[in-house]
Every structure is written in C-alpha cells, then in structure tokens.
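Here is the structure we will look at.
The values are calculated or read from the model by the stated rules, or taken from the named source; none is laboratory data. Just so it is clear, the structure is predicted and the values come from calculations on it, not from any experiment. Glycine also receives a Cβ, built like all others from the backbone with ideal geometry; neighbour counts cover every protein chain displayed. Each accessible area value is taken on the protein alone, full model and side chains, heavy atoms only, with ligands, DNA and RNA left out. Shrake-Rupley method; radii C 1.70, N 1.55, O 1.52, S 1.80 Å.
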Amino acid sequence: MSAQKPDLPTADSDGGRDEAMYRGLHAAIYELRLPPGTRLPEDVLSNTYGVSRTLVRKVLQRMAMEGLVEIRRNRGAQVAEPSADEAREVFATRRMLECGALAELPLPVPAAELQALRELVRQEDDAQLNGDRVAAIRLSGDFHIRLAALGGNATLTKLVRELVARSSLILATHGSPISVTCRHSEHEQIIDLLARGERQAGVAWMAEHFEHITRGLRWREQPLDLFSVLKGGDTPT
C-alpha cells in the first residue's frame, strides 16, 4: 500500500503562477533538494517559473515569514539556516502542538490510517538502511504530518506542516551523521499505542520522542573564539 503524501500548503494566487512557484520552492526546501544556505536569485526564479520579479519577491517574503527563507540586504534571498535558538523553539512548539493533538485524538483510529502510517515507517526504515539521509528526513516529517491530521483539525495540521518543513532545515543544519531524523522504531511504538487505544501513553511517548530528537542534534551556537581556544580559555588583558 502506498501512503498518501501530505498536501503542501496553499495560498491565494495571482493567476496561479505565484502559487506554483510557492509550492515548487516549498517542496524543494522540505525535501532538502535546496539545502540550507542555497542562494535564491530573483532572475533565476523569475525565468524558471515565468513570473515577474515582483511576484518572486512576494513569494520569497511569504516564505521568509514562515522561516524557510532568509532575505538579507544587498545579498538577496537564500534558504534559511536555522540557529540553535530557533531550532529549540521549533521543536518545543512542535512538542506542544503534537502532544495536544494526540490528547484530543478520536478513538479508535481507523485501520486504514494505521496502515498508512506503517507504510511511511517502512519507507523511512528503507531510506535509513540505504543511507538516504534526505529521504529519511522527509519521510519522518510526512509521518508527523499524517499523525497530526488524524484529529481533523485543519489549522493545527497546517501549523505542524509548516514547522515540519522548518525542522527539515534544522536537521540538515544541526543533525549529526548518526542521528539525522526520528528513530523509526519510536514511530512504530506510537502506531502500536494508537492501535491499542492508549491515547495518554501516546501523549507521553510524543513528549519523550521530541526529547530524543533534540538530544541527537549538534548545537552550533557561535563561531569559536580562536584566541580563547589557543590560550586555553584565558581572555586577553
């Protein structure tokens, strides 16, 4: 069974062209085909999507508000490179939202939805075994989006979807070579809990799951102070 891929965000469009550009960029960033730090020149985007630079700037501004793009004076736009503080905030927010979603989840969860989640876990497992880091991150995000959508709250699902896209950049920026995404065994555990109707245990699992994710990241707070390193931490007098 092939799991349904979560829909990408939608927006009001100007003849549909800015919407096509938004969806294309969003997918490329979420799937890490455009990794953190990638430059986004207006002329290239304009030619690629057949839109004016005015529309390009409109879409980039929207994506900047969502934390996916950074726009710097005299340097243009680039795919965001989340800081350690931003990363902590994103995962803390996801923990609150996704734990809350599980606490309100209607039971029993339909068998077809549980099977779709299991298929995502199977694909994620295959990606990890094959060393496909990008696919593993994307499939892990797809799992969380689908899980959040089970409650039928479209607003919450949209928020989780946006945060998952930012999480992909965080994992690409701060993820270690060993722990680059969620542990697929933990995803299997939540499916088993939901199948048994153990909702509160699922909430506790979700909280611990995010603890595991954040502990597996490598925080790069700021550039090293070369003088302090070479002098054993002493400061100049």
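Yes/no per residue for (1) surrounded by 15 or more Cβ atoms within 10 Å (Cβ to Cβ); (2) of a type in the set (A, V, I, L, M, F, W, C); (3) modelled with pLDDT of 90 or more:
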| position | (1), (2), (3) |
| --- | --- |
| PRO41 | no, no, yes |
| SER46 | yes, no, yes |
| LEU68 | yes, yes, yes |
| ALA77 | yes, yes, yes |
| ASP85 | no, no, yes |
| PHE91 | yes, yes, yes |
| ARG95 | yes, no, yes |
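Apart from one condition, MET63 fits all of (1) over 15 Å from ILE29 (Cβ atoms); (2) in contact with a strand residue (DSSP E or B) (Cβ under 6 Å, 6 or more places away or on another chain); the exception is (1). Please enumerate the residues belonging to the range 119-130 that are crowded, with 16+ Cβ neighbours inside 10 Å and polar (S, T, N, Q). Scanning the range 119-130 gives GLN123, GLN128. Residues that are at pLDDT 90 or above and either within 22 Å of ARG33 (Cβ to Cβ) or open to solvent by less than 40 Å² (accessible area, probe 1.4 Å) (or both) within the range 159-180 comprise VAL160, ARG161, GLU162, LEU163, VAL164, ALA165, ARG166, SER167, SER168, LEU169, ILE170, listed in sequence order.
Of all residues in the range 19-36, none satisfies the criterion of being farther than 20 Å from LEU163 by Cβ and in a loop (DSSP other than H, G, I, E, B). For ALA165, are the conditions met, namely being touching a residue at least 12 places away in the same chain (Cβ under 8 Å) and closer than 15 Å to ILE29 by Cβ? Yes, satisfied. Taking the conditions exactly as written (β-branched (Val, Ile, Thr) and open to solvent by 30 Å² or more (accessible area, probe 1.4 Å)), does VAL134 satisfy them or not? So VAL134 passes the test. Could you tell me whether any residue of the range 3-15 is modelled with pLDDT of 90 or more, surrounded by 13 or more Cβ atoms within 10 Å (Cβ to Cβ) and of a type in the set (A, V, I, L, M)? No - not one qualifying residue is present in the range 3-15. Among the residues of the range 51-66, the ones that are modelled with pLDDT under 95, within 16 Å of GLU162 (Cα to Cα) and more than 18 Å from the chain's Cα centre (by Cα) come to 0 in all. Is it the case that the range 90-102 has a residue that's touching a residue at least 60 places away in the same chain (Cβ under 8 Å) and over 17 Å from the mean Cα position of the chain (by Cα)? Yes, there is a match, as at least one residue in the range 90-102 is touching a residue at least 60 places away in the same chain (Cβ under 8 Å) and over 17 Å from the mean Cα position of the chain (by Cα). Pairing residues of the range 62-84 that are more than 20 Å from MET21 (Cβ to Cβ) with residues that are in a loop (DSSP other than H, G, I, E, B) and open to solvent by 10 Å² or more (accessible area, probe 1.4 Å), at Cβ distances under 7 Å and at least 6 apart in sequence or on separate chains, gives GLU81/PRO36; GLU81/GLY37; ALA84/TRP219; ALA84/ARG220; ALA84/GLU221.
For PRO41, the conditions (1) touching a residue at least 24 places away in the same chain (Cβ under 8 Å); (2) touching a helix residue (DSSP H, G or I) at 6+ places or on another chain (Cβ under 7 Å) all hold with the exception of (2). Summed over the range 97-109, the residues that are open to solvent by 10 Å² or more (accessible area, probe 1.4 Å) and either of a type in the set (Val, Ile, Thr) or farther than 21 Å from LEU139 by Cα (or both) give a count of 7.
For ALA116, indicate whether it is open to solvent by less than 10 Å² (accessible area, probe 1.4 Å), closer than 17 Å to HIS174 by Cβ, under 23 Å from the mean Cα position of the chain (by Cα) and touching a residue at least 24 places away in the same chain (Cβ under 8 Å). So ALA116 fails the test.
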